[in-house]
Amino acid sequence: MKITVVGAGAIGGYLGAQLSRAGEEVTFIARNKNLEVIRREGFRLTLEQGETVHAPDVKAVQDPAEAGPQDAVLLTVKAHQVADLLPGLRSLFGPDTLVVSMINGVPWWYFHKLGGAHEGRGLESVDPGGVIARHIEPERVIGSVVYPAAELLAPGHVKVIEGNRFTLGEPDGSRSERIETLSKAMIGAGFKSPVSKDIRGEIWVKLWGNATFNPISALTHATLEQICRHPAGRELARAMMAEAQAVAEALGVKFKITLEQRLAGAEAVGAHKTSMLQDLEAGRALELEALVGSVVELGRITGTPTPRLDAIYGAARLLSDTVTSQRGRVAVQPL
């Protein structure tokens, strides 16, 4: 397959390098030092076991028009970065090009082919004014849930922390020929890539924790373990998760695990800083709307009260705006 990876960061690099090593024709959309290094040296990947492998045949371009129409486009940037890439992405689209949204949080296409009263509705929190929906036809979309953890060690070099599962799903739950082809390519590259009949349910299981632990950690600078083992922190997380569950269930989602099991899973991760806390400490924009604002908006749409999510979202929004306006970063430093 001809596959373009939009974003040469940790997850994008992991995907692109492995797909290229498996024989797929991979192009990265990259910028600055990443672009230079990938063009000159290809991509390096340090696997969980410590072995470093090389994908010398990957390509890298800054302008999507240089890549031309693709079989699949993997969106691995953060949700708030997608709009900035439009309309350049359209040069990657042929008649049958797939767009795989490998982005955390509620996706802009959530109501596409969902059926019911909200069919086709947009979400202002993740797609203000419907800009993304106008540039990416919903019929192209394949959903995905990203489970691995990885980090960008240097331009063109990613380290895999753990995991290799990328669940895929059609918005209508079907097992189409196109998703089977994509799944086989992913499996051929060494990934676990099952096709889900309920991709939104899969999205919510991950979002259940992200909508809760990410903003709490950004506001308190606590790790997952600290939040779960602190009585007040655990109770706040439990209350927020209960609100998020009520929103999801109002949309027809059925959770396959209990809230307590999800809490225990987060605690078991240990002294891990959430991605939102890492972004805050690095002075990067926060994924607040896709992870939290979207759940608050869905609460309004379904008439589901979300008082604790509202409060934490408001506080985190103020923090994010303050840091952005000051062009700073916030981190706890030892005395």
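Here, each number is a calculation from the coordinates, and none is a lab measurement. Given the structure is predicted, the values throughout are model-derived calculations rather than measurements. Neighbour counts run over all protein chains shown; Cβ positions are idealised from the backbone, glycine included.
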Per DSSP helix of 4 or more residues, -39500 (n - 2.57); summed, then divided by the residues of the chain. What does that give at 222 nm, rounded to the nearest 500? -12500 deg cm²/dmol
Tell me which residues come under 5 Å, amide H to amide H, from VAL58 once H is placed; ignore anything under 5 positions away on its chain. PHE43
In terms of modelled amide H atoms, which long-range or inter-chain residues lie less than 5 Å from the amide H of VAL141? VAL99
The base-10 log of I(q)/I(0) that the Debye equation returns for the range 2-197 at q = 0.10, 0.15, 0.17, 0.18 Å⁻¹, one scatterer per C-alpha, is -0.38, -0.88, -1.13, -1.27
Tell me, how many Å apart are the Cα centres for the range 268-319 and for the range 2-44? 30 Å
Relative contact order for the chain using alpha-carbon pairs under 8 Å, separation at least 6, rounded to a whole percent? 15 percent
Hey, which aspartates and glutamates would be in cross-link range of LYS256, C-alpha to C-alpha under 18 Å, not counting anything within fewer than 8 residues on its own chain? ASP198, GLU202, GLU243
Nearest 5 is fine: what % of DSSP beta bridges in the chain come out antiparallel, could you say? 35 percent
Aspartates and glutamates near LYS197 by alpha-carbon distance under 12 Å, same-chain residues fewer than 8 away left out - which ones? GLU170, ASP172
Classify the range 231-335 as rounded, prolate or oblate from the Cα gyration tensor: take a ≥ b ≥ c as the square roots of its eigenvalues, call it rounded if a/c is under 1.5, otherwise prolate when a/b beats b/c and oblate if not. oblate
Might you report the magnitude of the Cβ-based charge dipole of the chain about its Cα centre, with Lys and Arg at +1 and Asp and Glu at -1, to the nearest 20 debye? 340 debye
Relative contact order in percent for the range 200-326 (Cα pairs under 8 Å, 6+ apart) equals 36 percent
Rounded if a/c under 1.5, otherwise prolate or oblate - the range 62-167, Cα gyration tensor axes: oblate
Under Karplus coefficients 6.51, -1.76 and 1.60, residue-wise ³J(HN,Hα) of the range 95-112 in Hz, glycine/proline x: x, 10, 5, 8, 10, 9, 8, 9, 10, 5, x, 6, x, 4, 9, 3, 8, 6
About the Cα centre of the range 2-197, what is the dipole size in debye to 20, counting +1 per Lys and Arg Cβ and -1 per Asp and Glu Cβ, all else neutral? 180 debye
Can you tell me the 0 to 90 degree angle between the C-alpha axis of helix 259-269 and the longest principal axis of the chain, rounded to 10? 60 degrees
Spin-label model distance (nm) - ARG40 vs ALA83, 7 Å beyond Cα toward Cβ: 3.6 nm
